[in-house]
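These notes concern the structure reproduced below.
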Amino acid sequence: MPGAPFAIEGAMTPLRVNGEHVELDVEPRRTLLDALRADLGLTGAKKACDMGNCGACTVLLDGEAVYSCLVLAVDCVARAVTTIEGLGEGGKLHRLQEAFIAADAFQCGFCTPGQLMALAALFERVARPSDAQIMRALSGNLCRCGAYQHILRAARMARDR
Amino acid sequence: MRAFEYTTPSTIQQAVSALGADSRALAGGTDLLTLMKAHIAAPERLVNVKMLLPRGIEARPEGLEIGALTTLAEIEQHPVIAAGYSALAQAAALAASPQIRNLATIGGNLLQRPRCWYYRNARIDCWLKGGADCPAREGENRNHAILGGGPCYAVHPSDLAAALLAFDAALWVHGRGGERAIELADFFALPAPERRTETVLSPDELVLKLRLPPHPEETRSGYLKAMDRKAWAFALAGVACVLRLSGRKIAHARIVLSGVAPIPWRARAAERELQGAMASPDRFAAAAAAAVQEAVPLRHNGYKLPLTKALVRQALTALTDPACK
């Protein structure tokens, strides 16, 4: 995650989340995940393992999928954070979200925001990703319900639409 | 995670003087934060080095240079690495998950700490954390070392380190006395009572960059990794292999194992079986056997011997396939 400008000790931490500028008063130990959920009320990114194992907290940092539990909020100054709340535009769902509904790509839904953000990073880069690229993009996201086949189907639907 | 002071020095010299026993450098953070959350590490200060160290990949006459802040994703996707350093590209592609590869740096990858469940449990006073003994020796040791074990039996978690060693990489570090170069082979060292870590890097030194010496175009390389699942798992065993053939004769061979020893493990006996020999299935079987000839399995990890041998044979067979380039 190199290249970020620095935060100043004791100063407010300015972030850009879903296109909006916000200023947070957070300790250096605050993870981006906790800042999103507790300080900004954006609870779409989920806290499950909190150790970078499960992918439920996946968000985009400058367009790339990252585990927000393994990023400090102070390291996100001047970087663009996109969460599931910012995925759709103008009150409309993203085509991946539409596809998840159409393909019934969830059971409990806890992993869904992370799955969607992992796929969103791929679809942002590759308009028509191959099945292999889709599976690779999802390889860091667990679904304990085992809805993988439906998630795959949703990604293919979004691609082929 | 305990509270800490967060500093962002503006020069490498300032960063180095801010480092020490109670502070840690922060780059990608993907290993350090897990250690801090688990209370395995509790630095009083994090020194943000993300603006200070080199990032990027550059092909130079003296070799391929990789800045310490280069991410695993960048290594995985770089055309020069994909074309001329396949083992490294493959190791990067097989490491962790996309989300981690987007954050994790190559410098941090070499410095990450073991994934041993005893080491990662703050309540267990294992040898590597300063305790008297290694609980894995007699305990749950399915994932542990078959080579180089004792006093610590944790295995080194890096895939890329094996590939880099197989390419004879060197690295540059910056400490209070300035810069020094060190062969990667000397950088990794089995943990010892007076230094319970996997590298010889001092707490007040920073890794700056790596250099892979130039190699002839006919060099072939590959990295194979056995995992419990197909993605986002650490190696049960892995092999990085770099070969040069002259006709069917093996002119140069490097075999480095991952996932089987406390540090990336150069299989010199296997290399000796190959060096100057004709490529053949029998020769590959001999090299595979030699790779683990000194292995001492623990109660639950004997499977790593046939697994490692099979990986070595498979890598050699694939790389010497006449259809392979």
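Every number in this text was worked out from the coordinates using simple rules, so none of it is lab data. In this text the structure is predicted, and so the values were computed from the model without any measurement. Here Cβ is always computed from backbone atoms with ideal geometry, including for glycine, and neighbour counts include all displayed protein chains.
Data table
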| read-out | value |
| --- | --- |
| Phi-based couplings in Hz for segment A:80-95 (Karplus 6.51, -1.76, 1.60; Gly and Pro marked x) | 8, 9, 10, 10, 4, 5, x, 6, x, 10, x, x, 9, 5, 5, 4 |
| Residues with amide H under 5 Å from that of B:R266, placed H, sequence gap 5 or more | B:L257 |
| Simple spin-label estimate for B:A3 and B:V200 in nanometres, 7 Å along Cα-Cβ | 4.1 |
| For B:A25, distant residues with modelled amide H under 5 Å away | B:V47 |
| Cross-link pairs beyond the 26 Å C-alpha cut-off, checked among B:K129/B:K309; B:K230/B:K304; B:K230/B:K309; A:K46/B:K230 | B:K129/B:K309 |
| Under 14 Å from the Cα of B:K37 - aspartates and glutamates, other chains or at least 8 residues apart | A:D34, A:D50 |
| Net length gained if the chain between B:E217 and B:N121 were fully extended (0.36 nm per residue, minus Cα distance) | 29.9 nm |
| Most mobile of B:R55, B:R254, B:R176 in a GNM of chain B (Cα contacts under 10 Å) | B:R176 |
| Cβ-Cβ FRET estimate between B:A231 and A:C108, R0 fixed at 22 Å, reported to 0.05 | 0.50 |
| Charge dipole (debye, nearest 20) of the protein assembly as shown; +1 at Cβ of Lys and Arg, -1 at Cβ of Asp and Glu | 1320 |
| Antiparallel %, DSSP beta bridges [both residues in segment B:1-123], to 5 | 45 |
